[in-house]
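Input: a single structure, listed below in structure tokens.
The values are calculated or read from the model by the stated rules, or taken from the named source; none is laboratory data. All values derive from a computational prediction rather than experimental measurement. Glycine also receives a Cβ, built like all others from the backbone with ideal geometry; neighbour counts cover every protein chain displayed.
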Amino acid sequence: MKKFSLLAVCLFLFSAVSFAHGPVRGKMTASVDIEASVDDVWAVIKDFDNMSWLPLVKGIEAKGGNKKGATRVLTVDGGEITEILKKYDANKMSYTYKITDMTVVKTIQHSGQDEPVLLLPVDNYQGKITVKKKGNSSVVTWVATYYRGYMNNNPPAELNEEAADKAVTGVLKAGLTTLLHKFEPNTLPTAISFTMKR
């Protein structure tokens, strides 16, 4: 009986602590094989100040080129997203960036508070894009790590994990589909694979 009681208490405490932690960081990985050389593919996406391969971006203002600390402000439908370049490695054909600011598209009422809903309903978003050789082809991998938009417990539907995952998936799919179609115009977007860890 004592063993059972101790086990029950431990399970309760574990669940309470887990719940108290709130959101868990998500890691979305999208990748696609492209029948083109790594040099040709990297040439399209290598410049931090050029997002012409992402159709969601209508305009860009950038400073700093491909140096660490460079910034870019992306104009998209609904507002702007500001990003900073965290790491750039031309030899490894890879760069890492982080969102530092976004337009608030609306405000909702939740638990008696006004809560802002951003263009992407995420918090602490960081992305990494890499191109690697695979035979005579290339593999482009885009990894996004982030939290849901609402950092407390009991998130509203607009700011929960599902909303965050859907928004991030949409961005990654749009970018990799456009990149794929630059080299393989007839290949379906189903060629893009997604994995999610949380």
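Some points to look at:
- Where Gly65 falls short, out of the listed (1) in contact with a strand residue (DSSP E or B) (Cβ under 6 Å, 6 or more places away or on another chain); (2) surrounded by fewer than 13 Cβ atoms within 10 Å (Cβ to Cβ); (3) over 29 Å from Leu159 (Cα atoms): (1)
- Flag not set for Ser31, criterion: of a type in the set (Ser, Thr, Tyr), loosely packed, with under 14 Cβ neighbours inside 10 Å, at pLDDT 50 or above and closer than 20 Å to Thr177 by Cβ.
- Flag for Asp40 being among the acidic types (Asp, Glu), touching a residue at least 12 places away in the same chain (Cβ under 8 Å), in contact with a Ser or Thr (Cβ under 9 Å, 6 or more places away or on another chain) and surrounded by fewer than 18 Cβ atoms within 10 Å (Cβ to Cβ): yes
- Just one residue in the set Leu119, Leu176, Leu159 is touching a residue at least 12 places away in the same chain (Cβ under 8 Å) and farther than 30 Å from Asp33 by Cα; that residue is Leu159.
- Scanning the stretch 1-28 for residues that are buried (at least 16 other Cβ atoms within 10 Å of the Cβ) and either at pLDDT 95 or above or among the hydroxyl-bearing types (Ser, Thr, Tyr) (or both) yields Gly26, Met28.
- Test set (1) surrounded by 13 or more Cβ atoms within 10 Å (Cβ to Cβ); (2) assigned to a loop (DSSP other than H, G, I, E, B) - Asn186 fails condition number: (1)
Here's the yes/no breakdown for (1) among the hydrophobic types (A, V, I, L, M, F, W, C); (2) in contact (Cβ under 8 Å) with a residue 24 or more places away in the chain:
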site	(1), (2)
Gln113	no, no
Val131	yes, yes
Lys134	no, yes
Lys182	no, yes
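- Some residue of the stretch 146-163 being assigned to a strand (DSSP E or B), within 13 Å of the chain's Cα centre (by Cα) and among the hydrophobic types (A, V, I, L, M, F, W, C): no
- Single match in Gly170, Gly149 (criterion: over 16 Å from Lys27 (Cβ atoms) and in contact with a Pro (Cβ under 7 Å, 6 or more places away or on another chain)): Gly149
- Scanning the stretch 121-132 for residues that are under 17 Å from Glu162 (Cα atoms) and in contact with a strand residue (DSSP E or B) (Cβ under 6 Å, 6 or more places away or on another chain) yields Val122, Asp123, Asn124, Tyr125.
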